[in-house]
Amino acid sequence: MTKWFGALSGKRTLIRTPYSNTRKYRRIRDAEDSLHRSLGRPPSREEISDHLSESVAQIDRILQQRTRAVSLNQEVGEQSSKTLEELIEDERATSPEQEFLEREGSKNLNAALSRLPAKQRFIIEWRYGLNGEPGESLREVANRLGLSGERVRQIEVEARQRLRRLLTR
């Protein structure tokens with residue numbers, strides 16, 4: 001069983017917490033409250049550990065896993081006007097560095113492709129979908145060019161070797 005917590009920042013993103021963790025946390029807090037009432041003071045981790053027959057390390061691990069809820073609209077820092085949502089990285093987005101590397105790599109690849117003989121260039125473009133279309137099988141490319149699949153494979157190997165040399169200069 002899993003306990004689900006509500007949407008964040010008006011989006012339908014849910015945070016999932018395993019029910020067993022919630023149950024363990026609640027059990028520790030209940031024991032802590034019970035011991036506090038019976039002892040007349042807050043119990044130590046060792047006393048809670050003895051009461052629950054769990055190790056202190058396990059209790060600490062469970063308590064550390066629990067964090068308090070924080071609004072994504074909360075401003076971060078004393079003099080900052082940025083919210084927590086603005087500071088959280090979107091893992092699906094590509095970084096500016098990655099975009100630059102991809103753009104430069106694409107430029108270099110296109111420059112190298114332009115230096116290949118036409119048949120090699122077409123085979124590489126069709127096989128790997130560099131022409132905006134999905135990549136094609138050896139047989140499909142062979143049918144387009146009226147060649148055998150083996151001959152297309154040989155030309156592709158030659159083209160890849162030539163591209164490797166051109167791109168590593």
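Being acidic (Asp, Glu) and over 22 Å from the mean Cα position of the chain (by Cα) is the filter; apply it to the range 96-128 and report the residue that is nearest to ARG139 (Cα to Cα). Ranking the candidates gives GLU125 first. Scanning the range 125-169 for residues that are modelled with pLDDT under 90 and among the β-branched types (Val, Ile, Thr) yields a single hit, THR168. Cβ separations smaller than 6 Å between residues 6+ apart or across chains give no pair from the range 86-107 residues that are farther than 30 Å from ASN73 by Cα to residues that are loosely packed, with under 10 Cβ neighbours inside 10 Å and of a type in the set (Phe, Trp, Tyr). Counting residues in the range 109-122 that are over 24 Å from ARG169 (Cα atoms) and surrounded by 10 or more Cβ atoms within 10 Å (Cβ to Cβ) gives zero. Answer with yes or no whether SER49 is on the phi < 0 side of the Ramachandran plot, of a type in the set (Ser, Thr, Tyr), under 27 Å from the mean Cα position of the chain (by Cα) and in a helix (DSSP H, G or I). Taking the combined requirement at face value, the residue does not satisfy it. For the range 110-120, the set of residues classified as farther than 10 Å from ARG162 by Cβ and of a type in the set (D, E, K, R) consists of LYS119 only. Can SER106 be described as of a type in the set (S, T, N, Q) and modelled with pLDDT of 85 or more? So SER106 fails the test.
The values are calculated or read from the model by the stated rules, or taken from the named source; none is laboratory data. On a predicted model such as this, the values are computed, not experimentally measured, just so you know. Heads up, the Cβs are rebuilt from the backbone with ideal geometry, glycines too, and the neighbour counts pull from every protein chain shown.
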